[in-house]
1. Looking at segment 90-233, what % of its DSSP beta bridges pair antiparallel, to the nearest 5?
2. How much accessible surface area, in Å² rounded to 10, belongs to the heavy atoms of residue 224 with a 1.4 Å probe?
3. Can you give me the accessible area per residue for segment 32-100, using a 1.4 Å probe, in Å²?
4. Pairs of alpha-carbon atoms within less than 8 angstrom and 6+ residues apart define the contacts here; what relative contact order does segment 29-75 have, in percent?
5. Quick check on the chain: helices-only [θ] at 222 nm, where DSSP H runs of length 4 and up contribute -39,500 (n - 2.57) each and the sum goes over total residues. Nearest 500, please.
6. Stretched out fully, how many nm does the piece from residue 13 to residue 25 gain, at 0.36 nm a residue minus the Cα gap?
7. Between residue 137 and residue 151, what is the spin-label point distance in nm, taking each point 7 Å from the Cα along the Cα→C-beta axis?
8. Using a 7 Å offset from Cα along Cα-Cβ at residue 82, what residues in segment 1-24 end up with backbone N under 14 Å from the label point?
Amino acid sequence: MLFSIVIPVYNERATLFEILSRVFAVDVGMDREIILVDDGSTDGTRDLYAQVETKWPNETFKIKLQSVNKGKGAALRAGFALTQGDVVIVQDADLEYDPGDYPRLLRPILDDRADVVYGSRFVGNDCHQVVEFWHMMGNRALTLMSNMLTNLTLTDMETCYKVLRREVVDTLDLSSQRFAVEPEITAKIARGKWRVYEVGINYAGRSYGEGKKITWLDGLAALWAIFRFRFLQ
Ligand code: UDP
Ligand code: MG
């Protein structure tokens with residue numbers, strides 16, 4: 001079995017090596033490939049890819065350089081197209097999510113109970129960061145709206161940790177350029193009637209000062225996407 005880890009990277013010079021180290025520290029009992037999609041970084045991140053390949057010579061990397069910044073959705077579309085794994089996960093390049101959660105995230109798929117697993121920041125895991133109230137409300141509102149239109153009962157639609165079987169990835173046909181990709185994936189999974197599971201995950205949110213890029217405008221775009229992918233496509 002092959003596990004594909006798709007990492008969208010936009011100006012993440014400070015964390016790229018660290019997140020890769022954390023990914024490689026986890027043994028999920030499968031071969032793995034790392035798909036790095038650089039989404040037009042301008043902070044020097046692009047100089048690091050050659051070092052990445054020499055630092056971890058035994059790992060399989062596929063590196064795609066987008067000519068200009070297009071957004072996380074475009075990066076995922078390019079990344080998914082390069083995956084060859086039986087199971088695919090999205091891994092953000094910052095340090096908010098913990099690759100140590102991979103074995104638990106993969107379990108429902110490997111047991112053939114699920115086709116899709118979402119890692120939820122908001123359901124029981126033994127310890128989690130207390131996050132900003134309004135940020136959480138934004139997440140809750142988008143998840144609620146998405147649930148109402150997809151008839152799912154997710155607790156964290158916007159999570160980065162989405163684990164997808166190959167068959168699911170092949171049906172997605174993504175069109176969102178930016179962060180609206182999260183509701184788009186969710187709507188298409190719901191429409192595909194795939195078996196969806198959720199697993200509580202660790203989360204250590206970063207602030208805008210630390211490089212967080214999503215804003216309330218992305219929240220509005222996500223809201224629009226929830227409706228668009230339910231009713232128009
Ligand atoms: N990202 C990207 N293109 C963009 C914005 C973000 O590829 O235009 C990447 C970013 O480097 C990170 C992931 O998408 O790996 C999520 O971005 P961020 O952490 O800023 O979003 P948030 O944590 O707010 O969801
Ligand atoms: Mg992040």
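1. 45 percent
2. 150 Å²
3. 40 Å²
4. Working: 50 pairs, mean separation 26.3, N = 47.
Relative contact order for segment 29-75 comes out at 56 percent.
5. -11500 deg cm²/dmol
6. On the way: separation 12, 0.36 × 12 = 4.32 nm, distance 1.98 nm.
That works out to 2.3 nm of additional length.
7. Between residue 137 and residue 151, the simple spin-label model gives 3.2 nm.
8. Those under the cut-off are 4-10.
The values are calculated or read from the model by the stated rules, or taken from the named source; none is laboratory data. Computed from a predicted model, the values in this text were never measured in an experiment. Quick reminder, even Gly has a Cβ in these numbers, built from the backbone with ideal geometry, and neighbours come from all protein chains shown. Side chains are part of the model used for accessible areas, which takes the heavy atoms of the whole protein and leaves out ligands, DNA and RNA. Shrake-Rupley method; radii C 1.70, N 1.55, O 1.52, S 1.80 Å.
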